[in-house]
Every structure is written in C-alpha cells, then in structure tokens.
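Below is one structure, written out as structure tokens, with a few remarks after it.
The values are calculated or read from the model by the stated rules, or taken from the named source; none is laboratory data. Every value quoted in this text rests on a predicted model; they were computed, and no experiment measured them. All Cβ positions, glycine included, derive from the backbone under ideal geometry; neighbour counts span all protein chains shown.
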C-alpha cells in the first residue's frame, strides 16, 4: 500500500452546515499534521516519502510491513547518510549489558539470564563451562580437564568397608562403578604377557646352564631349577617331530652284534641280515637312439656298466618314429621277433653276453615281422624307425 496525503479523516461531513465553507473545514481536518515535537506511526511496505510537504514524517515511526509476520520498526535519521533505519540495526553487536536485559526473576536482580538462553555452540556433550587460563572469558571443557593431576587429595577417597590392616586398590571392572579390589584380583586381571621378564627375580646364582622357574610336588613356592629330562619329561613322550632332521648321530642307536640293517617288521623295529643288493642297467635314450638294427655279418654291441656278466638281461626294439600302430617309446622283446614270410617263421637275432656288453647278431637278411600292436595281425616293420635297447641286472 502507499501512504495517502491526509493524515486525518473527518468524523462528519460539514457541508450541510457550512455549505461552501465546508471544503475549507475538511482540508483543515484532513491535512492537519503533528507539530515539530510530535509524530505518528506510519504503516507502509515502502519507505515513506519525506520530501516537501511530507517532511513532517521524519518525526514519525515507520512500521515496515513488507513481511507481515516479522514487521520492522524504523526511525528517520538526519546525520551521516539520512534515511530510514531499522531500530534493531541501531543496536551495535556486543552492546547489550546486564542492566539492559529484563529480569525473569523479579525477586532476584542477579538472575537476568536463564540457562536455557545460553548457546551450546562450540561445546560437545557432557562438557562444563569454566573461566579460561587468562581469566578473559569462558570455555567448554571436559570434567577430566577440570580435575588436574594431584588436585584430589588421596585422603578424600572413601575407604568405608576396607578391613583394618588390609590393602585394597581402587578400580573398575567393565562399565561398573569404581570399587576397592584385592591385590590378587589385580594380578589375575593382568593380560597374558604384560609382565616384562626384567620384573621377574632371576635365579640366586648365575650359571652356564639355564635354570627354569618350576614347581614340583611339595613345593610351597616356585623355584629356579635346571631342566632334568629324567624328571621333567614323562617317559615315552618325546615325539620324533620334535627332533631336527639329520640331528641324531648313529652312535645314539643301539648297534647289532653282526653286520645288519635296521628295519620295521609288523610294527617292530629290529636288526636283520643285509640282503643281496640288486644293481640294474638300462641304456639311456641318447645311447639307444644310436643303436640301429644290425645287418648280417656285422654284430651290434650293447655296452653295460655292471662290470660282471648280468644275472639276467633283455634286448628290446625301441620305436623311435611311429610305425604301424606303434608310437614313439613303445618296446618289443627282440627274442619274440621273427623273419621271413608268413608260414616261414624263425628268430632273427642271436645274443651273446660278456662282463661289459651284450652282442646282438643278425643271421638272416629277410624282413623283420612282428604282430600288430592293436589288431594282432602280422606287420613288417620299417627298420629305420626302430632302435635296440638293453636292460641288464646283477646281484651283489
């Protein structure tokens, strides 16, 4: 809304009484204004005009109704930057004193501010208010900060219930209240491994061998002792997994009266006579691949390393390259190989043995025929795909 130019409204229309003079009376009533030491209250949403004929409004109070729920009170100032000023803005920060605050308790002039008016900003739950270290202001602190080291005299503790001549210690268990506890309760409450070894009294005399803190039957207290296997270990309880590998010398084993070997038979360990030793020889693959099929008149010597005539031996045909249904690595006993055509079978090879080798001779130049690996039918091998290999054994 906007202010009108008539501060007053006439109570009655004087036209019927004064005729043509009524307009003068109406103007006299409507445009009357306060003198210089009086004012009015102006209601408007815009700053009232104070120029020209409206200069008298400078002595009025203006209620700004721009926000109806929170109207502001404004007065006109002449000094500085002339204009309408919010009354609240005329009170500078930090200027309200105790004497300016209303007293909620009319019987006590010192109770001007209730605790509910104090701001908790800057504090945390369960903190207290105290004067700071320079005595220049207040601060929020925890109770622990108020109780400094040595500030509570030990004689102030309540010792009610402690028997005469007995020792107790103050403490708490879990979230419970503080209480008095026996020394033994304190020791039992210590976590494992919390007592340093340098706090344990050592053995009364230093020795080259270690002593251990032990108790035995009849001991009233623990004592330092040497470790005695005959006393401190139960019989038949030392497990083999406690011994280091290769740590038990042969001298610790009860020997046999004759040349023997230690074996287990039926769960019992005992000495027995040393049995004969079998030594075996097998042509390695590298050597095998150089030993092809012998030809008539030219023997093939298969050397061995037994340094004696073998007790037994085998000569086999080793498949180097796939042939028929045979694949690399397959072996066929040489004594089971025949030559000639079907119906005319005879052994192809002859063997002789020495202390250093087995000699293979071929006495017929015909084809070498074997049974097929899969079907059992006769199969003529491709000799270039086969080699000779020796197995030999002796007993000493």
Test residue 135 against the stated conditions and say whether it is under 45 Å from the mean Cα position of the chain (by Cα) and modelled with pLDDT of 85 or more. no
Restricting the search to the range 139-169, which residues are closer than 27 Å to residue 125 by Cα and at pLDDT 90 or above? 139, 140, 141, 142
Any residue at all in the range 349-363 that's surrounded by fewer than 13 Cβ atoms within 10 Å (Cβ to Cβ), touching a residue at least 12 places away in the same chain (Cβ under 8 Å), in a loop (DSSP other than H, G, I, E, B) and in contact with a strand residue (DSSP E or B) (Cβ under 8 Å, 6 or more places away or on another chain)? no
Among (1) exposed (fewer than 12 other Cβ atoms within 10 Å of the Cβ); (2) within 28 Å of residue 281 (Cβ to Cβ); (3) at pLDDT 85 or above - the single one residue 375 does not satisfy: (2)
Matching residues in the range 196-206 - criterion: being surrounded by 10 or more Cβ atoms within 10 Å (Cβ to Cβ) and out of contact with any strand residue (DSSP E or B) (no Cβ under 7 Å at 6 or more places or on another chain): 202
Just for the range 29-50: of the residues that are out of contact with any helix residue (DSSP H, G or I) (no Cβ under 9 Å at 6 or more places or on another chain) and modelled with pLDDT under 85, which one is farthest from residue 67 (Cα to Cα)? 29
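Matching residues to (1) touching a helix residue (DSSP H, G or I) at 6+ places or on another chain (Cβ under 9 Å); (2) in contact (Cβ under 8 Å) with a residue 60 or more places away in the chain; (3) surrounded by fewer than 10 Cβ atoms within 10 Å (Cβ to Cβ); (4) part of a strand (DSSP E or B):
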| residue | (1), (2), (3), (4) |
| --- | --- |
| 212 | yes, no, no, yes |
| 217 | no, no, yes, no |
| 230 | no, no, yes, no |
| 235 | no, no, yes, no |
| 238 | yes, no, no, no |
| 241 | no, no, yes, no |
| 245 | no, no, yes, no |
| 251 | no, no, yes, no |
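Give the range 364-381 a look and list any residue that's part of a strand (DSSP E or B) and free of Cβ contacts under 8 Å to residues at least 60 places away in the same chain, or say none.
Within the range 364-381, 369, 370, 371, 378, 379, 380 meet the criteria.
Just the residues that are in a loop (DSSP other than H, G, I, E, B) and modelled with pLDDT of 90 or more, please, taken from the range 382-396.
Result: 382, single match.
Here is a yes/no grid of residues against (1) surrounded by fewer than 10 Cβ atoms within 10 Å (Cβ to Cβ); (2) in contact with a strand residue (DSSP E or B) (Cβ under 7 Å, 6 or more places away or on another chain); (3) under 16 Å from residue 62 (Cα atoms):
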{"site": "5", "(1), (2), (3)": "yes, no, yes"}
{"site": "10", "(1), (2), (3)": "no, no, no"}
{"site": "16", "(1), (2), (3)": "yes, no, no"}
{"site": "21", "(1), (2), (3)": "no, no, no"}
{"site": "25", "(1), (2), (3)": "no, no, no"}
{"site": "32", "(1), (2), (3)": "no, no, no"}
{"site": "37", "(1), (2), (3)": "yes, no, no"}
{"site": "40", "(1), (2), (3)": "no, no, yes"}
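Only one residue in 310, 294, 255 is exposed (fewer than 15 other Cβ atoms within 10 Å of the Cβ) and either in contact with a strand residue (DSSP E or B) (Cβ under 8 Å, 6 or more places away or on another chain) or not assigned by TED's automatic domain parsing to the domain that holds residue 374 (or both), so which one is that? If you could, list the steps in order and put the result at the bottom.
On the way: 310 fails: exposed (fewer than 15 other Cβ atoms within 10 Å of the Cβ); 294 fails: exposed (fewer than 15 other Cβ atoms within 10 Å of the Cβ).
Of the residues listed, the single one that is exposed (fewer than 15 other Cβ atoms within 10 Å of the Cβ) and either in contact with a strand residue (DSSP E or B) (Cβ under 8 Å, 6 or more places away or on another chain) or not assigned by TED's automatic domain parsing to the domain that holds residue 374 (or both) is 255.
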Hey, does the range 345-368 have a residue that's within 60 Å of the chain's Cα centre (by Cα) and under 30 Å from residue 279 (Cβ atoms)? no
Take the conditions at pLDDT 85 or above, surrounded by 10 or more Cβ atoms within 10 Å (Cβ to Cβ) and farther than 30 Å from residue 223 by Cβ and apply them to residue 185. Does it pass? no
